[in-house]
Amino acid sequence: MKRTEQQIMQAWPQGQEPLLSITCPAYNQVDYIEQTLDSFLAQRTTFAFEILINDDASSDGTTQIIERYAEQYPNLIKPVIHQHNQYQLGRWCFPALFNRARGKYIAYCEGDDYWIDPLKLQKQVNFLEANADYVLTYHDAMAFDSEGERGIQLTGQYQADASAMDLLKARPISTLTTCFRNVLHELPRELAQAPVLDLCWWSMLGAHGKGKYLADIAPARYRLHPGGIFSQRPGQNKLQMTLHTYACLANYYFRQGDRVLYEHFLVQVSGMCVAAIRPVQKFRALLHVSGNVSRNLIRRLTPAAARG
């Protein structure tokens, strides 16, 4: 049973400004958006939060559902409704949506995913309030589709804390699980059109602290469906989008004069370029690369006088 706005807010300090802002981009997700919003409203916190939902000119009834929820929860849900699709115009809703956030912290979830744990936000904010050297918290997400669960989205080495350098290197994180400090007010010009923006967010956040993996939060639900912006793209398209993003990050850190991160992202780009090449061309590409490496090594190891 859904709680009323008054029931949600009764545990909050009277008159408190939002300590946390939930940000949610939505587009043509009429079959999913109610479950997403209900998972936000099910959060039980001792602090005030707001819900900022960006509807990018949906044409399937998503907008009307968002507006209905905003009428029922006027002090919680703050919709941003666009008349023209901004994505098709080459405009992202970030960092503009982040800049609308009044909270000290930001939680993120797209309009086709949802949360399970009603104490998720309370646990994440409690940790960040007590640990100033951490900028980001995250947890597991379960991928699923119409056939059922497909397994935890990220496993192994990613079910662990992240050092600041790990974040700077844009390590993968389940985006719908994150809660982070509200410090991303603008993106460098090199990253403004990066296709996989969340990788850029983690790298930018790495300049402010570390990341904490919270294993005691129930996995969120990451929906796989034909309308997914990234999840259902063909593998080659995903590869190209990530490659482009790493190239943008390399350009940014080159301008910053950070050779370590510049070379890190160049290595990522190089590996993905080889992966993108058809098998018949791979051998020729590897010969070309090895030739360049050999010439570069010889040039570096040969004394200047000998070269002269």
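Figure legend. Inter-residue proximity from the range 117-141: first residues free of Cβ contacts under 8 Å to residues at least 40 places away in the same chain, second residues of a type in the set (A, V, I, L, M, F, W, C) and surrounded by 14 or more Cβ atoms within 10 Å (Cβ to Cβ), beta-carbon distance below 9 Å, spacing 6+ or different chains. Indicated pairs: Glu129/Leu19. Taking the criterion of being touching a residue at least 12 places away in the same chain (Cβ under 8 Å) and either at positive phi or surrounded by fewer than 18 Cβ atoms within 10 Å (Cβ to Cβ) (or both), the residues of the range 46-69 that qualify are Thr46, Ala57, Ser59, Asp60, Gly61, Glu67. Among the candidates Arg102, Arg91, Arg68, Arg150, the residue that is assigned by TED's automatic domain parsing to the domain that holds Pro18, in contact with a Phe, Trp or Tyr (Cβ under 9 Å, 6 or more places away or on another chain) and basic (Lys, Arg) is uniquely Arg150.
Selection of the range 24-48 for residues being within 18 Å of Thr177 (Cα to Cα) and of a type in the set (Ser, Thr, Tyr) yields Tyr32, Thr36, Ser39, Thr45.
Exactly one residue among Asp145, Asp133, Asp140 is buried (at least 18 other Cβ atoms within 10 Å of the Cβ) and either acidic (Asp, Glu) or touching a helix residue (DSSP H, G or I) at 6+ places or on another chain (Cβ under 6 Å) (or both), and that residue is Asp140. Condition test on Gln83, is it assigned to a loop (DSSP other than H, G, I, E, B), buried (at least 17 other Cβ atoms within 10 Å of the Cβ) and assigned by TED's automatic domain parsing to the domain that holds Trp201? It is false that Gln83 is assigned to a loop (DSSP other than H, G, I, E, B), buried (at least 17 other Cβ atoms within 10 Å of the Cβ) and assigned by TED's automatic domain parsing to the domain that holds Trp201. For the range 160-253, the strands (runs of 3 or more DSSP E) that sit wholly inside it and include 3 or more residues that are buried (at least 21 other Cβ atoms within 10 Å of the Cβ) are 220-223.
Output the residue which, of all residues in the range 115-159 that are in a loop (DSSP other than H, G, I, E, B) and of a type in the set (Ser, Thr, Tyr), is farthest from the chain's Cα centre (by Cα). Within the range 115-159, the match that is farthest from the chain's Cα centre (by Cα) is Ser146.
Among the residues that make up the range 98-110, is at least one of them out of contact with any helix residue (DSSP H, G or I) (no Cβ under 8 Å at 6 or more places or on another chain) and more than 24 Å from Asn182 (Cα to Cα)? Outline the logic, then answer.
Looking only at the range 98-110, we keep the residues that are out of contact with any helix residue (DSSP H, G or I) (no Cβ under 8 Å at 6 or more places or on another chain), and these are 98-104.
Next, only the ones that are more than 24 Å from Asn182 (Cα to Cα) stay: none.
Within the range 98-110, none of the residues are out of contact with any helix residue (DSSP H, G or I) (no Cβ under 8 Å at 6 or more places or on another chain) and more than 24 Å from Asn182 (Cα to Cα).
Only residues that are surrounded by fewer than 20 Cβ atoms within 10 Å (Cβ to Cβ), in contact (Cβ under 8 Å) with a residue 40 or more places away in the chain and within 15 Å of Gln72 (Cα to Cα) were counted across the range 5-41, and they come to 3. Close contacts from the range 257-278, counting a first residue that is farther than 18 Å from Val196 by Cβ and a second that is among the small types (Gly, Ala, Ser) and surrounded by 13 or more Cβ atoms within 10 Å (Cβ to Cβ), with Cβ to Cβ under 8 Å and a gap of 6+ residues or different chains, come to Tyr262/Ala250; Val274/Ala285; Ile277/Ala285.
Quick check on my filter: what residues within the range 26-61 are of a type in the set (A, V, I, L, M, F, W, C), part of a loop (DSSP other than H, G, I, E, B) and over 20 Å from Ser146 (Cα atoms)?
Of the residues in the range 26-61, the ones of a type in the set (A, V, I, L, M, F, W, C) are 26, 30, 33, 37, 40-42, 47-49, 51-53, 57.
Applying the additional criterion that residues be part of a loop (DSSP other than H, G, I, E, B) yields 30, 42, 47-48, 57.
Across the range 26-61, the qualifying residues are Ala42, Phe47, Ala48, Ala57.
Screening Val274, Val260, Val280, Val293 for residues that are of a type outside the set (Asp, Glu), loosely packed, with under 15 Cβ neighbours inside 10 Å and modelled with pLDDT of 95 or more leaves exactly one candidate, Val260.
The values are calculated or read from the model by the stated rules, or taken from the named source; none is laboratory data. Quick caveat, the model's predicted, so the values are computed rather than measured. Note: ideal-geometry Cβ built from the backbone for every residue, glycine included; neighbour counts use all protein chains shown.
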